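Read the structure below first, then the notes.
The values are calculated or read from the model by the stated rules, or taken from the named source; none is laboratory data. Worth saying up front: this structure is predicted, and the values here are computed from it rather than measured. Cβ placement follows ideal geometry from the backbone for every residue including glycine, while neighbour counts extend to all protein chains displayed. Remember, those area values only see protein heavy atoms, side chains included, never the ligands or the DNA or RNA. Shrake-Rupley method; radii C 1.70, N 1.55, O 1.52, S 1.80 Å.
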Amino acid sequence: MIPRGIFTKKRTHTKMAGGFFSFEEEGTSMKLYGFGHGDHIRLRDEHGNVWRGSAERTDDAVRYTFRDPNGRTITGVSDSYGIILRDGKGKTWRGFID
């Protein structure tokens, strides 16, 4: 008799980051926050601007890109310590996913 567990296909998960996103700009302490998963992330800043973005998995990190309706962009990467983003003016945003 052959045990059933040997020949069953094992599923591997390629889950993208998702949940509640929270970022804070280092100089002014302005906040970005919102929800999302994978290709559909939506953040809002303290001024009411909506930032839409996506996450793309690389070999050892996840790359994030966010854009607002005015054409401004914030991009960055995450690793095991957190997420670091940089906008077009050189401001640094640090954050996490909960």
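Return the residue satisfying two criteria in turn: it lies in the stretch 75-91 and is closer than 17 Å to Glu26 by Cβ and surrounded by fewer than 14 Cβ atoms within 10 Å (Cβ to Cβ), and of such residues it is modelled with the lowest pLDDT. So that I can check it myself, show each step before the final result.
Looking only at the stretch 75-91, we keep the residues that are closer than 17 Å to Glu26 by Cβ, and these are 75-78, 81-91.
Subsequent filtering for residues that are surrounded by fewer than 14 Cβ atoms within 10 Å (Cβ to Cβ) retains 81-82, 88-90.
On the way: Tyr81: 80, Gly82: 87, Gly88: 90, Lys89: 90, Gly90: 92.
Step by step, filter the stretch 75-91, then rank; the result is Tyr81.
Please find, within the stretch 70-87, the residue that is farthest from Gly48 (Cα to Cα) out of those that are outside any strand (DSSP E or B) and of a type in the set (Gly, Ala, Ser).
Checked the stretch 70-87; the qualifying residue farthest from Gly48 (Cα to Cα) is Ser80.
If you check Arg52, Arg57, Arg72, Arg44, which single one turns out to be open to solvent by 60 Å² or more (accessible area, probe 1.4 Å), modelled with pLDDT of 90 or more and under 13 Å from the mean Cα position of the chain (by Cα)?
Result of the check over Arg52, Arg57, Arg72, Arg44: Arg52.
List, please: which pairs have Cβ atoms under 6 Å, are six or more places apart or on different chains, and start with a residue in the stretch 50-66 that is under 11 Å from Leu32 (Cβ atoms) and end with one that is open to solvent by 20 Å² or more (accessible area, probe 1.4 Å)?
The qualifying pairs are Val50/Arg44; Gly53/Thr65.
What is the number of the single condition among (1) open to solvent by 100 Å² or more (accessible area, probe 1.4 Å); (2) modelled with pLDDT under 90; (3) in contact with a strand residue (DSSP E or B) (Cβ under 6 Å, 6 or more places away or on another chain) that Arg63 does not meet?
(2)
Just the residues that are aromatic (Phe, Trp, Tyr) and either surrounded by 14 or more Cβ atoms within 10 Å (Cβ to Cβ) or at pLDDT below 90 (or both), please, taken from the stretch 2-34.
Within the stretch 2-34, Phe7, Phe21, Phe23, Tyr33 qualify.
Confirm whether Arg63 is over 10 Å from the mean Cα position of the chain (by Cα) and part of a strand (DSSP E or B).
no
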